[in-house]
Structures are given as C-alpha cells and as structure tokens.
Amino acid sequence: MMTTTETAALGERIKGVKIALEFRVGGLTPVGNVLSALAAMEGAYHHTLQYVRERKAFGKPIAEHQAIQLKLGEMATRTQAARLLVYAAAQAYDKGERCDMEAGMAKYFATEAAQENSLEAMRIFGGYGYSKEYNVERLYRDSPLLLIGEGTNELQRLIIAKQLLERNRI
C-alpha cells in the first residue's frame, strides 16, 4: 500500500479512482498503467531489499556485495525518477495545462522502468525468482503488459515527440 502526506495528495481523500478516470489525455488514460507501473517498481524494489538482507552468500548477506548494491541503486533511482515524472504530469493536469507530453513521458518511463526493475529483481533472486512463492515472479511476468496497455510505449514516444516539436517552434 502506498501512502502520502496530505500536502502531496493529488485530490480529495477517497477520490483517487475518480481523479484517475478524469485524467484524460488525447483520448488516452495512461495514468492507470503508470500507477500499476509504480506499484510494480515499488514491489520489486521492496521484495528485493528484504531478500538481499536475508539471503547469504560467502558468509554474509548478499546486500553487502557491491554488485547487488549497484542493482539496488539503479532500482531505487528508476523508481524515484518515474515517481517525479508522474508528479510533473499530475501537477500540469491540476493547473489545467495540456499534459499529454508529460503523461506520455510518465507512462513510457514508468512502464519501461517497471520491466527493468522486475528483471533486476529476477536476476538477484536467481532461481527463486521463478517460484510463485516470491512475488517477483508475478511482477516479472506481468510487467511486459504495462508496456502495451493504455497506449503502447511507441505511441507514447510519438506523442512526446509531437508535443516537443509543437512546444519548441523556432
């Protein structure tokens, strides 16, 4: 479950679904996929963080190995960057500004990052990652669907490029 402070909330408490459904951009509603992607990234990261503290190799938790720490750093950075892109799109929407480029950036980056984080989690979990005993199996299996739902990532890149060209005319 994701929590937030009152000042960071994007609308009234208990109205999240309504806000998400109203977040329309050129006929697309990438916010659903973005929120799913953020949840998948958070899940992959937190399950991995717990696992690396418990799993031992060469006499110490694998969290102490530099190669694992590099992967954790990448996962955390991708998650935070995706979250910031979502906030930027939501902020533009709240101001009544056109936000299809921002929403497209958030959807594109967050869904790609969710797939990358789930892949890194699988690599860290090794053979255990394929077991349904661990949630990373489901996150890894489901993350490719995020890339195509609510407008493929190729479509999102086209939306981004068209808006970049329109907003930055010479």
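We did not get these values from a lab; they are worked out from the coordinates using the rules stated. Computed from a prediction, not measured in an experiment: that's the story for all the values here. Counting neighbours? That spans all protein chains shown, and the Cβs are built from the backbone with ideal geometry, glycine included.
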Subject >> Residue pairs, from the table Lys132/Lys162; Lys95/Lys162; Lys107/Lys132; Lys71/Lys95; Lys71/Lys162, whose Cα atoms sit over 31 Å apart >> reply: Lys132/Lys162; Lys71/Lys95; Lys71/Lys162
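I need the peptides 51-60, 111-120 ranked by packing, meaning the mean over residues of other C-beta atoms within 10 angstrom, with the highest value on top.
On the way: 51-60: 12.3, 111-120: 24.1.
Result, highest mean Cβ count within 10 Å first: 111-120, 51-60.
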**OP:** Would you mind computing Rg(Cα) / (2.2 N^0.38 Å) for segment 68-136, counting N as its residues?
**Re:** 1.38
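Residue separation times 0.36 nm, minus the C-alpha to C-alpha distance between Ala88 and Thr152: what's the value?
Contour length minus the Cα-Cα distance gives 21.0 nm.
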Subject >> Size of electric dipole in segment 26-170: Cβ of Lys, Arg +1 and of Asp, Glu -1, about Cα centre, debye, nearest 20 >> reply: 240
**OP:** Using a cut-off of under 20 Å, list every residue of segment 109-123 whose amide N is near the label point 7 Å from the Cα of Arg141 along the Cα-to-beta-carbon line.
**Re:** 114-123
